[in-house]
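Step one of this worksheet: look at the structure below.
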Amino acid sequence: MASDEARGQAGMAGEEVVTDSSGSERRRAFRRKLPFGRGAVLVVGERIHIVGIADVSVTGAYLTTRAPVSAGETHVLKVLLLPARVEVALRAEIVRVSLAAHESPDHPRGVAVRFVGLDETASALLEAFVTCEPRRR
């Protein structure tokens with residue numbers, strides 16, 4: 001029953017409970033998976049890299065890229081957030097790099113980033129984007 005309560009509370013707070021391969025449960029921010037083709041720009045120093053966004057949450061994202069980055073670095077991720085249609089520049093700290101092989105079908109080669117220092121406007125736009133239902137065609 002306690003785990004059911006935790007799931008309910010997690011869902012209300014914009015979090016989800018996930019179970020890892022060892023059976024341990026942990027909470028993480030709800031992640032919106034994005035279709036192939038959703039792109040963004042990762043600014044690394046003077047260079048820009050077109051990246052794909054595999055999934056995004058209010059706390060971070062998983063980017064499909066082979067950009068030369070290392071864990072611990074902070075760069076800028078520029079993304080067009082719908083439904084507001086506003087480009088937002090997010091400070092993104094690299095937390096994991098997986099360039100040698102696919103981690104899973106949901107996470108091909110790329111990098112995991114954590115958003116840092118978000119202002120209220122960026123947070124609100126990101127929240128609206130993550131919780132927005134995609135349009136059906």
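Laboratory data are not the source of any read-out in this text; all were calculated from the coordinates shown. For clarity, every value in this text was computed on a predicted model and none was experimentally measured. We place every Cβ from the backbone using ideal geometry, glycine too, and count neighbours over all the protein chains shown.
Using 0.36 nm times the number of residues separating Arg85 and Leu99, minus their current alpha carbon distance, what extension gain do you get?
So the chain would gain 2.0 nm between Arg85 and Leu99.
How would you rank Val88, Val111, Val51, going from fewest to most other Cβ atoms within 10 Å of each one's own Cβ?
So the residues, fewest neighbours to most, are Val88, Val51, Val111.
For the pair Glu73 and Cys132, what calculated FRET efficiency results from E = 1/(1 + (r/R0)^6), where r is the Cβ-Cβ distance and R0 = 25 Å, to the nearest 0.05?
0.25
Normalising by the residue count of segment 32-131, find the relative contact order in percent from Cα pairs under 8 Å and 6+ residues apart.
27
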